[in-house]
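Computed from the coordinates by the stated procedures, all read-outs in this text should not be read as laboratory data. Since this is a predicted model, take the numbers as computed values, not measurements. All Cβ positions, even for glycine, are placed from backbone atoms using ideal geometry, and neighbour counts span all protein chains on display.
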Amino acid sequence: KILVLDFGGQTCQLIARRIREIGVYSEVVPGDTPVESLPLEGVKGIILSGSPYSVYDAEAPKVDPRVSSLGIPILGICYGVQQLAHLFGGKVAPLDHREYGRSRLFFTEASPLFEGVPEGFVSWMSHGDTIVEVPEGFRVIARSEHNLVAGITHERLPLYGIQFHPEVTHCAYGLTVLENFAVRICGARKTWTMASYLEDVQGLLRTQVGDDPLLLLISGGVDSTVVAALLLKTFPPEQVHLLYIDTGLMRKNETEEVEANLRTLGASNLYIVHAEERFLSALKGVVDPEKKRQIIGDVFIQVQEEELRRRRIPDQAFLAQGTLYTDLIESGKGVGNKAKVIKSHHNVRSPLIERKRKEGRVIEPLSMLYKDEVRRLGAHLGVPREVLERHPFPGPGLAVRILGEVTREKCDILREADAIFIDELKRRHLYHEIWQAFCVLLPVRTVGVTGDDRNYGYVVALRAVTSKDGMTADAYPFPTADLLEIAALITNRVKDVGRVVYDVSSKPPATIEWE
Ligand code: XMP
């Protein structure tokens with residue numbers, strides 16, 4: 001395997017993920033781990049990641065100098081190469097202007113790192129410091145179009161460094177460079193597949209958990225379902241306790257589908273809690289969106305605690321979570337902890353999770369994976385395709401899609417309209433082109449006519465966006481005919497809806513949800 005030492009760079013996990021894409025197993029550990037604590041078994045190569053720090057910052061995380069004399073090939077990327085230079089007595093200095101974005105690279109001598117890469121290829125740079133003096137024993141192998149040092153290698157030792165970022169998609173031949181390092185230079189074999197990952201994770205889980213019970217909170221989304229499938233494949237089903245809380249704010253037939261899917265995956269201790277009354281009565285009369293979120297979070301925690309006692313889940317149970325690498329980054333808990341907090345999931349501050357964390361009894365078997373890797377793992381574990389490819393759904397559910405007060409009647413209306421919208425998208429083969437789609441129920445009624453009667457119906461807004469990660473989004477450019485036909489179906493079939501509008505706003509300045 002290839003070990004990536006993390007110095008807080010944004011793209012650190014991406015490096016590991018690219019290496020895995022090549023077919024070589026790779027994992028990330030904190031960059032300043034002392035040599036004796038590094039998981040070195042089977043390690044063929046080490047990559048030093050980038051970092052927001054400068055090597056001269058007092059608090060900058062540093063690699064243990066002994067790493068360079070292990071005899072294992074090392075590739076320093078960006079800050080990583082600067083650390084190598086610094087460590088061996090070279091000189092790093094700040095640039096007047098950052099070198100940022102695309103930059104052509106020119107080779108100053110042949111290197112196995114650039115095998116199969118053409119001279120003048122367009123690399124991706126992002127650095128404020130540069131190597132101004134190459135340490136003794138090292139030679140420059142490439143320069144950028146601004147004549148800065150872009151690659152170095154040691155004359156005798158298997159030490160390599162590059163200033164550019166081969167892991168980002170904008171970097172031409174990035175995968176070739178990484179493969180040259182991992183396979184050509186380190187001699188790692190390309191045997192990593194989802195099947196071998198599954199075996200590794202299962203081994204680790206069995207060692208860590210043993211015969212202790214496991215508890216998993218199910219949301220019905222991709223991540224918790226894949227973790228459920230993983231646990232049920234790894235442990236006897238009786239050992240795995242699955243808790244799902246129906247808040248009454250779920251989509252049409254959602255609870256039934258979640259239950260059926262988990263049963264198919266082999267669940268036996270599955271607790272479906274119907275807590276609709278609790279949530280709806282707590283939300284009565286509440287119109288402020290943040291207040292709604294908070295109430296839902298609080299009731300969720302109360303119900304959760306009550307159920308744990310009622311179901312007699314043993315105290316020593318491990319809590320499994322479907323946290324992905326991007327969730328850690330988004331809540332500012334990534335290894336480097338440099339990325340800022342983007343959204344707070346309502347389960348992050350749950351006392352159950354805090355308790356289990358303190359006890360060291362939380363397992364997060366997906367925390368190294370990206371969403372598409374989770375989908376592949378899920379497919380491998382037999383999770384149905386509809387679950388794996390489902391659009392994201394917010395924790396507070398329909399409550400943030402019913403503007404103003406939430407009532408059961410409004411939930412029912414919204415559920416019907418939303419089900420028609422989503423079914424039509426699937427029927428028209430548009431569902432997979434859209435990142436997230438749903439209906440919003442507005443708190444106004446407008447005049448309409450049915451037959452000879454004037455009546456007042458609700459307004460439903462359709463929302464459909466394209467996006468990569470939910471951070472920015474664009475309204476989906478529907479063919480007009482699809483919009484008109486879907487709107488007509490909704491007003492025909494859902495009695496209380498009198499009017500349908502389409503939200504054409506992008507994010508920013510709007511958000512994806514309306515509340
Ligand atoms: P916004 O509306 O902020 O949504 O553009 C971005 C993504 O986050 C989801 N979202 C939430 N998810 N709890 C969640 O678990 C929430 O309170 C919440 N608010 C928004 C939203 O559905 C979209 O995918």
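Considering amide H positions built from the backbone, and no H for Pro or chain starts, which residues 5 or more places from Phe318, or on another chain, come under 5 Å of its amide H?
Sorted by chain and number, the residues that satisfy this are Leu214, Leu215.
Taking every pair of distinct Cα atoms and averaging 1/r, then inverting, what Kirkwood hydrodynamic radius in Å comes out for region 1-157?
When all Cα pairs of region 1-157 are included, the Kirkwood radius is 16.0 Å.
Nearest 20 debye, what's the magnitude of the dipole of region 373-515 about its Cα centre given +1 on Lys and Arg Cβ and -1 on Asp and Glu Cβ?
The dipole magnitude comes to about 180 debye.
Determine, for each peptide in 1-13, 206-218, 230-242, the mean count of other beta carbons within 10 angstrom over its residues, then list the peptides with the highest first.
Ranking the peptides 1-13, 206-218, 230-242 by packing returns 1-13, 230-242, 206-218.
Give me the percent relative contact order of the chain, please, defined on Cα pairs under 8 angstrom at least 6 residues apart.
The value is 11 percent.
So how long is each side of region 194-388 along the principal axes, counting just the alpha-carbon atoms, biggest first, in Å?
That gives 53, 41, 35 Å along the principal axes, largest extent first.
For region 348-419, treating each Cα as an identical point scatterer without solvent, what Debye log10 I(q)/I(0) comes out at q = 0.16 1/Å?
-0.90
Would you please give the residues with an amide H less than 5 Å from that of Ile218, counting only those at least 5 places away or on a separate chain, with H modeled from the backbone geometry?
Close amide H contacts, sequence-distant or interchain: Leu243, Tyr244, Ile245.
How long, wide and thick is region 401-502, going by the Cα atoms along their three principal axes, in whole angstroms, largest first?
44, 30, 18
How large is ³J(HN,Hα), in whole Hz, for each residue of region 47-61 in order, when computed from phi with the Karplus curve 6.51 cos²θ - 1.76 cosθ + 1.60 and θ = phi - 60°, using x for Gly and Pro?
Calculated HN-Hα couplings, in order: 10, 9, 7, x, 6, x, 7, 10, 4, 8, 5, 4, 8, 4, x Hz.
By a straight-distance test (C-alpha under 18 Å), which lysines pair with Lys91 as possible cross-link partners, with residues fewer than eight away in the same chain excluded?
Lys62
At 0.36 nm per residue, minus the direct Cα-Cα distance, what do Leu95 and Ala58 gain on full extension? Give it in nm, one decimal, please.
Once the chain is fully extended between Leu95 and Ala58, it gains 11.4 nm.
Could you work out the percent of alpha carbon pairs in region 210-301 separated by over 24 Å, rounded to a whole number?
In whole percent, the long-distance tail amounts to 29.
From the backbone phi of region 75-81, what are the Karplus-calculated ³J(HN,Hα) couplings (6.51 cos²θ - 1.76 cosθ + 1.60, θ = phi - 60°) in whole Hz, Gly and Pro given as x?
Per residue, the Karplus-derived 3J(HN,Hα) values read 10, x, 10, 6, 4, x, 6 Hz.
Which value, in debye to the nearest 20, gives the size of the charge dipole of region 194-388 about its Cα centre, when Lys and Arg are +1 and Asp and Glu are -1 at the Cβ?
480 debye
Given +1 on the Cβ of Lys and Arg, -1 on the Cβ of Asp and Glu, and no further charges, what dipole in debye does the chain carry about its Cα centre, rounded to the nearest 20?
160 debye
Going down the table (Lys190/Lys371; Lys468/Lys495; Lys1/Lys356), which pairs top 28 Å between alpha carbons?
Lys468/Lys495; Lys1/Lys356
Of all the Cα-Cα pairs you can form in the chain, what percent are over 44 Å apart?
Beyond 44 Å sits 28 percent of the P(r) for the chain.
Using the Karplus equation 6.51 cos²θ - 1.76 cosθ + 1.60 (θ = phi - 60°), what ³J(HN,Hα) coupling, rounded to whole Hz, does each residue of region 19-25 give in order, writing x for Gly and Pro?
With the stated coefficients, region 19-25 comes to 4, 5, 4, 5, x, 10, 5 Hz.
So how far, in whole Å, is the C-alpha centre of region 144-169 from the one of region 480-514?
Their Cα centres are 52 Å away from one another.
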